Amino acid sequence: MALLSIFLLLAALVITTVQGNLSPLRWPGRGDGGDATYITVKYGNSKYLISRKAEPFDLAKMNGRCRGSGGYLLQIDNRTEDSYVRYKLKKIRDRSLVYTGITDLGSEGRFYNYNDKTPAGYLKWRRRQPDNWRGKEHCVNISRWGLNDIDCGRTARYICEIPL
Ligand SMILES: *[C@@H]1O[C@H](CO)[C@@H](O)[C@H](O)[C@H]1NC(C)=O
Ligand SMILES: *[C@@H]1O[C@H](CO)[C@@H](O)[C@H](O)[C@H]1NC(C)=O
Ligand SMILES: [Ca+2]
Ligand SMILES: [Ca+2]
């Protein structure tokens, strides 16, 4: 009887854990607040569209798409926004490369927002980044661990920010 209770308790724990992982942000997923193209989440005064499909990244092209949705490639203004986006990415099980709209193209080491050329607001780099590896890392990817400068043309996902 005691064994049975322990078994049931363990089973309950496993189920709870599994359900916890079935976050609305599973990738790809349904009912995650998005459409076929983007996973959509809201925070503060912005909506964030995380592209579902990895494609060769191009700052102008992807920023153009974000503009088509009423926004721009992700800009990070402050610590809370940074933590929010990284928290969401952490919940998405797919760990593929995700680009922001932050770049230092044409101004090595000085990072700015591609869309409006304003200086990057808040840069939480991963340890030992940015390193401008091989002198050709001018775009910025984001993950649960922070930001990293990376070359611009990789096949990856990207995030649009839409002001509400
Ligand atoms: C941080 O930035 C976000 C996005 O621009 C904004 O909605 C939020 O109000 C800001 N928070 C603080 C504490 O400034
Ligand atoms: C993206 O940036 C992170 C730093 O947060 C880095 O560790 C990671 O390897 C990068 N992702 C890819 C797929 O290159
Ligand atoms: Ca660089
Ligand atoms: Ca780097």
Taking the condition closer than 20 Å to residue 38 by Cβ, within 16 Å of ligand 4 (Cβ to nearest atom) and among the hydroxyl-bearing types (Ser, Thr, Tyr), does residue 99 pass?
-> yes
Segment 144-157, subset out of contact with any Phe, Trp or Tyr (no Cβ under 7 Å at 6 or more places or on another chain) and hydrophobic (A, V, I, L, M, F, W, C), residue surrounded by the fewest Cβ atoms within 10 Å (Cβ to Cβ) | 145
Select from segment 128-163 the residues that are more than 11 Å from ligand 4 (Cβ to nearest atom) and charged (D, E, K, R) and write down the one among them that is farthest from the chain's Cα centre (by Cα).
-> 154
Within the set of pairs 6+ apart or on separate chains, which have a first residue in segment 70-98 that is within 11 Å of residue 121 (Cβ to Cβ), a second that is at pLDDT 95 or above and in a helix (DSSP H, G or I), and C-beta atoms under 6 Å apart?
-> 76/82
For segment 115-127, how many residues meet the condition of being near ligand 4 (Cβ under 10 Å from one of its atoms) and among the β-branched types (Val, Ile, Thr)?
-> 0
List every residue pair whose Cβ atoms sit under 9 Å apart, with the two residues 6 or more apart in sequence or on different chains, where the first one lies in segment 122-146 and is closer than 10 Å to residue 102 by Cβ and within 11 Å of ligand 2 (Cβ to nearest atom) and the second, anywhere, is in a loop (DSSP other than H, G, I, E, B) and among the hydroxyl-bearing types (Ser, Thr, Tyr).
-> 139/114
In segment 122-143, is there at least one residue being surrounded by fewer than 15 Cβ atoms within 10 Å (Cβ to Cβ), in a strand (DSSP E or B) and within 16 Å of ligand 3 (Cβ to nearest atom)?
-> no
What tally of residues in segment 86-113 results from selecting those that are under 23 Å from residue 138 (Cβ atoms) and part of a helix (DSSP H, G or I)?
-> 2
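For segment 77-100, which residues satisfy the criterion of being within 15 Å of residue 47 (Cβ to Cβ) and within 15 Å of ligand 2 (Cβ to nearest atom)?
85, 88
The values are calculated or read from the model by the stated rules, or taken from the named source; none is laboratory data. Source: prediction; values computed, not measured. Every residue, glycine among them, receives a Cβ derived from its backbone with ideal geometry; neighbour counts consider all protein chains shown.
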